[in-house]
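A.B. asks: The structure's right below; bear with me while I get my questions together.
The values are calculated or read from the model by the stated rules, or taken from the named source; none is laboratory data. All figures in this text were calculated on a predicted structure; none of them were measured in a lab. Cβ: placed from backbone, ideal geometry, glycine included. Neighbour counts: every protein chain shown.
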Amino acid sequence: MKVCTFVTNIVCEHCVQEVSAILKNTHWVQDFIFDISNGKNYLKVTFHEAYSAQDIIKLIEQAGYTARERKSLLRFFTL
């Protein structure tokens, strides 16, 4: 499974419900969680490895919203 975090323009519970309906009905999406507190507008999605972050973005766009993958600088540092 892959896990990606996205920055979206999903800002309210109504928006969350619309996108959730699509994600719940997508067989290769295992889990997702929204964080719309404090203006963050994050969406974290766990999905099958055969798919990409771009596929998640397309699903969000189908609901009429925008998203971009949130890249963490921590993943570039190794000890």
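A.B. asks: Checking the conditions here, which among Thr26, Thr46 is touching a Leu at 6+ places or on another chain (Cβ under 9 Å), at pLDDT 95 or above and polar (S, T, N, Q)? Show your work before the answer.
C.D. replies: On the way: Thr46 fails: touching a Leu at 6+ places or on another chain (Cβ under 9 Å).
Residue meeting the stated conditions: Thr26.
A.B. asks: Next up: For the subset of segment 21-40 comprising residues that are in contact with a helix residue (DSSP H, G or I) (Cβ under 9 Å, 6 or more places away or on another chain) and more than 17 Å from Lys2 (Cα to Cα), which member is surrounded by the fewest Cβ atoms within 10 Å (Cβ to Cβ)?
C.D. replies: Ile22
A.B. asks: Tell me, which residue of segment 4-20 that is more than 11 Å from Arg70 (Cα to Cα) and of a type in the set (A, V, I, L, M, F, W, C) is surrounded by the fewest Cβ atoms within 10 Å (Cβ to Cβ)?
C.D. replies: Cys12
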